[in-house]
1. Test each condition in (1) at pLDDT 95 or above; (2) outside any strand (DSSP E or B); (3) touching a Ser or Thr at 6+ places or on another chain (Cβ under 9 Å) for Glu125 and report the one that comes out false.
2. Please go through region 51-74 and give me each residue that is without any contact (Cβ under 8 Å) to a residue 60 or more places away in the chain and loosely packed, with under 12 Cβ neighbours inside 10 Å, ordered by number.
3. With respect to Leu57, determine if the residue is in contact with a Cys (Cβ under 7 Å, 6 or more places away or on another chain) and not in a helix (DSSP H, G or I).
4. Can you tell me which residue in region 1-30 is modelled with the lowest pLDDT, limited to those that are among the aliphatic types (A, V, I, L, M) and exposed (fewer than 15 other Cβ atoms within 10 Å of the Cβ)?
5. Quick one: what pairs do we get from region 29-48, first residue under 16 Å from Tyr108 (Cβ atoms), second in a loop (DSSP other than H, G, I, E, B), C-beta under 6 Å, 6+ apart or different chains?
6. State the number of residues belonging to region 90-109 that are under 15 Å from Val54 (Cβ atoms) and either out of contact with any Phe, Trp or Tyr (no Cβ under 7 Å at 6 or more places or on another chain) or in a strand (DSSP E or B) (or both).
7. If I filter region 60-89 down to residues being among the aliphatic types (A, V, I, L, M) and assigned to a loop (DSSP other than H, G, I, E, B), which single residue comes out as farthest from the chain's Cα centre (by Cα)?
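The values are calculated or read from the model by the stated rules, or taken from the named source; none is laboratory data. Keep in mind the model is a prediction, meaning the values are calculated, not measured. All Cβ positions, even for glycine, are placed from backbone atoms using ideal geometry, and neighbour counts span all protein chains on display.
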Amino acid sequence: MTRFFVQGHPVPQGSKRHVGGGRMVEQANIKPWRLSIAWEASQLFSEPLEGPVVLDLLFSLKRPKGHYGTGRNAGVLKPRCVDLRPVTRPDVDKLCRAVGDALTGVAYRDDSQVVDLIARKVYAEGHEGVRIEVHDG
């Protein structure tokens, strides 16, 4: 098992949009996010894995400012906001898609090798980012 953390704002990889003239565009900021993931993985993998792979992903997202009080309660979570699990965008499946594509060719040959995927998103108690565990087989 290989575990590492990629710090940064997790960016979902949605569908490409057609902008005319046969051109398709991706979500803004997706390329730098995927490059960060690929670079961190390249520090740990000398060559892509062969065979089945299991991915375990934990996305840490920044809390919205509206979760905190104001004035003397600035920095204090409102009682209705104590849950650590965001039920808002971005969608966890689209966050996973970005990580899966970024690891292709670095941690494994092709994302079709991923036979099991565990993914969670929580509000960050420290830095925003994603903890990635890659299990061989």
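1. (1)
2. Correct list: Pro64, Lys65, Gly66, Thr70, Gly71, Arg72, Asn73, Ala74.
3. Spelling it out, Leu57 is indeed in contact with a Cys (Cβ under 7 Å, 6 or more places away or on another chain) and not in a helix (DSSP H, G or I).
4. So, considering only residues that are among the aliphatic types (A, V, I, L, M) and exposed (fewer than 15 other Cβ atoms within 10 Å of the Cβ), the one modelled with the lowest pLDDT is Met24.
5. Close Cβ pairs (under 6 Å, with a partner that is in a loop (DSSP other than H, G, I, E, B)) amount to Ala38/Val106; Ala41/Val106; Ala41/Ala107; Ser42/Val106; Phe45/Val106; Phe45/Ala107; Pro48/Arg109.
6. Looking only at that region, the number is 5.
7. Once the filter is applied, the top-ranked residue is Val76.
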